Structure formats: structure tokens, C-alpha cells
Amino acid sequence: MAHPQDLPLREQARLLAARELDPNELLEVTLQRIEQRNPPLRAVVATFPEESRAMLAAAPRGPLWGVPVTVKDMFSLPWRGYRNGTRHELGAACASGVFRRLRDAGAVVVGVDNQHELGMGTTGRASPYGAAANPWNTAHCPGGSSSGSAAAVAARLVAGAVGSDSGGSTRLPAGWCGVVGLKVTYGALPYDGYTGANSTFSAPGAFARDAADARLLLEALLARELPAHKRSDGGLRAGVVRSPYWEDIDAEVRAACESALAALGAAPVELELPFAELAAPAGAVRAGAELGVAVPRELIGELDPVSRGLLQYGALQPARRIVRADRVRARLRRELVGAFGGCELLAWPTNPAPAPPIQAPMLALPSGPALPDAPNIRQAILANLAGVPGVSVPVGFHSSGLPIGLQLLAPWGHESRLLDGAERIERASGGRWASAAPALA
């Protein structure tokens, strides 16, 4: 049998349920692997062996019984309040909604993942624990803000992890790390003990190696079944919104994503989405204003200069600008309902270019070099404005050796449709991209 940590999440769960794998052994080898493999990645910032062992001892025989997972530093645990990418406990230690869903499924939380400071960036560079690294090339960014969660799964530290997504923070790092990352529908599970509880944008997200693993983890988080929909050979029809989501995209990224569309089984339909170009500025205004009032004043002076500037800018938004942003948001939601009337999914590249170096985080776009946040957020923020679920699926590798992801969006509550689409894409490649592992792993 393969090393237990190299098994997919669903295979770990199956073997544990059949008593063919000892859960105590799996826990110990997981902690050992994190200790050995994590230092160059800085993906996991805290482990707590005694608390994890106690959680395993009390675990119910649920669908994830004995399966080790990590969580982003935005979710409180009974023994550790969330810190949101800082060194300060910003939330009280408690059994957060995400923790309860994992606990009730029998999972074992073995660590807390690194993240971009306060969730305010798409690279993972800014963190008091050191910049998280991409397992495919540790000199490059893993994406953010759920940087450590994506990196931990890609590096086989754990088979599943929980992140969050306020502007692409699950999908963007999943794209750069070559794993599946799915943002759930807004409000789909309890938000208590979650730093996104005050946000109208944020939703938890799940990371896994492939769609089948993600389905199992998401069923535990959502506390409902996500059955694969049996459909005729007609496939899933994807809506392609060329402007702005396929514009100014790296040529290799664009080609890989175009090729993956055919795997959905139905001819894509070209769509226009009025006001889509205003999604990013509207999201920045509203999300920045929400975060600007949620951070203790005494913490601001300790932050990375970019985080501090963004935070202060958000807090100073005039009310009239927030009203305008909300009008754009409402119009985009209506337009999105209309778009889904003609297709089952929307599809475009997750990231406009492969992951940049940590020390020089610039994207090489057709229009020229660009800082990552604005182009990344342009690709991701629509799902947060509308509250709909979205997923990033691995669809290839760039000539740089870094992964490429395709993003799919579905209507409110249709996470299972996203997973159906992801599985079609995986089958078309023979699982080549989903099963790929970096040399580090």
C-alpha cells in the first residue's frame, strides 16, 4: 500500500472505515510529514498533537472518521482562536461552525494553515510567519489568501484542507498550486467563530486533490449529500464571457483553459455580462469598507505596509461610493441570473498568468508586467459579489512548470454541478493533472 499520506482523501476514509488503516497511525505519520516537509513551504503555522489525539479519541464514526485535515487561520478551534494571518488572537477560542461540521463527520484537525495577512492579498507573501511557498517551485507564490491550505494539499501534507474565499481566496491559490479549490455558496454553513462572519462576501472553501475528494469533504462541511447528476451525453453547457475574463490572459493559460472547455461535453455558448468590468472596483470598495471596521486599531501599526494601506483606504470609503458599489452588485446579480438561463456553468481562467516569484511578484501579461492582486481579483470577485459557488480545476502546466487552473461558476446552491464539471474535465485528461504531484511530494 502507498504511504498513507499519499492516498486520496476518499481512500483514506474508506480504509479507515474498513479498519484496514489505523487512525492513530495515520495521525502520527501526518504530524511527522508536516514536521519534515513543511519548513520550506511554511504552509502550516501551528500543530497541536495532544488536541488532535484527543479529537481522534472522541471522533464519531462519520464519513471522515480519522481523516486528518488542516484549516485556515480564519476559523476558531476550541483550543485556539482565529488570528487571521496575524500573531494576535482576534477571535475567541471556540468550536466554530466549520470545526463542528468537521468534528461531526469524524475528521481530525491537525494544523492551522498560513494565509496572506488579514486575507488582504492574492499571493500569500505577507505573513508574520513568513511567506508561504508554492510546492511546485518554492521560489514562487502559492496564491492567497488561503495560501497554506492550497500548498498543504498540493504537497501531500494532508489530503484535504479548509480555506475561505472573500475575493478568490480559495480558487486563486488552488489554480496556482494545481489542486481543486471550491468556494461554497454564501451562508451555506454556520459562520460563528469565522472571521468572515461580518462579511457579505466571504464563504468557506474546500481544497482537495481532485473533485471526488472535494465532494466528500464538502458533503461534511455542508452537512448534505452532493450527488453526481446523471445526465445524457449532452454534457454541461458552459457560458464563456470573453470580456473581461478571457482578455489579457497569458497565451499558454488561455490555450489550456480553451482546451479544457471541450471536456464538459457541450458546445460552449458565448455570453455578454453587462457591467462585468465594474465587478472588481465594486468588490474592492465594498469588501474594503467591511474589513476596515473589523480590525482592532492597535493592530494596524504592526501590519505589512501594503496591508495597512489597504485597510486604511477601505475604512475611509465615503458612504456614497459604497452605495454605488451596491448598485453595481445588485445589477450584476440580476445579470448573472439571466446568464444562467442560457447555460449551466460559467467558465474562464482562474488566474490570468502562472504564479510569480515571491521576491518579485509580477505577472507577465500580454499588456505588460502587472502586480497580481488586481488581475487576480478581476477573475474571481464576481462569485463573491453574487454569493454563488465557484471552483478551480487543474487543466495543465505552463512551460514554466507551474500549474494552470480553469474556473467554473454555478448558480446559488449548485456545488454538485461544479463538481460534476470538474470530474468531466478530470476524466478527459485521464486524471493527469489532478494526480500530478510536485517533486517535493
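The values are calculated or read from the model by the stated rules, or taken from the named source; none is laboratory data. These numbers come from a predicted model, not from an experiment. Heads up, the Cβs are rebuilt from the backbone with ideal geometry, glycines too, and the neighbour counts pull from every protein chain shown. SASA here: full protein model, heavy atoms, side chains in, ligands and nucleic acids out. Shrake-Rupley method; radii C 1.70, N 1.55, O 1.52, S 1.80 Å.
Overview of values
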read-out: Shape call, the range 1-157: gyration tensor on alpha carbons, a/c limit 1.5; value: oblate
read-out: Antiparallel DSSP beta bridges within the chain, percent to nearest 5; value: 70 percent
read-out: Charge tally in the Cβ shell below 9 Å around Ser169, where Lys, Arg are +1 and Asp, Glu are -1, Ser169 excluded; value: +2
read-out: Computed over the range 341-410: relative contact order in percent, which uses C-alpha pairs under 8 Å that are six or more apart; value: 39 percent
read-out: Cα-Cα pairs of the range 299-441 separated by more than 20 Å (percent); value: 62 percent
read-out: Helix runs (DSSP H) in the chain reaching 18 Å along axis by Cα, Kyte-Doolittle at least -1.0; value: 23-37, 279-292, 319-340, 373-386, 415-428
read-out: Sulfur and carbon atoms: percent of accessible area, the range 100-186 [1.4 Å]; value: 42 percent
read-out: Size of charge dipole - the chain - debye, nearest 20, with Cβ of Lys, Arg +1 and Asp, Glu -1, no other charges; value: 720 debye
read-out: Environment charge of Ala383, counting only residues whose C-beta is closer than 13 Å and scoring Lys/Arg +1, Asp/Glu -1; value: +3
read-out: Listed residues Met362, Met55 arranged by accessible area, highest first, probe 1.4 Å; value: Met362, Met55
read-out: Accessible solvent surface per residue of the chain, calculated while the other protein chains remain in place, 1.4 angstrom probe, Å²; value: 36 Å²
read-out: Nearest-20 debye value, the range 38-117 charge dipole, Cβ charges on Lys, Arg, Asp, Glu; value: 140 debye
read-out: Selected from Tyr191, Gly205, Leu31, residue furthest toward positive end of dipole (the chain; charges at beta carbon); value: Tyr191
read-out: Kirkwood Rh (inverse of mean 1/r, distinct Cα pairs), the range 1-62, angstrom; value: 12.7 Å
read-out: Within-13-Å neighbourhood charge of Glu28 [Cβ basis; K, R +1; D, E -1]; value: -2
read-out: Cα pair distances exceeding 19 angstrom across the range 186-245, given as percent; value: 56 percent
read-out: Gain in span if fully extended, Val269 to Ser399, counting 0.36 nm per residue against the direct Cα distance; value: 43.9 nm
read-out: Among 408-419, 20-31, the order from most to least packed when residues are scored by Cβ within 10 Å on average; value: 408-419, 20-31
read-out: Prolate/oblate/rounded call for the chain, Cα gyration tensor, a/c under 1.5 rounded; value: rounded
read-out: Between the range 403-427 and the range 1-72, the Cα center-to-center distance that results, in Å; value: 26 Å
read-out: Length-normalised contact order of the range 279-393 in % [C-alpha pairs under 8 Å, at least 6 apart]; value: 31 percent
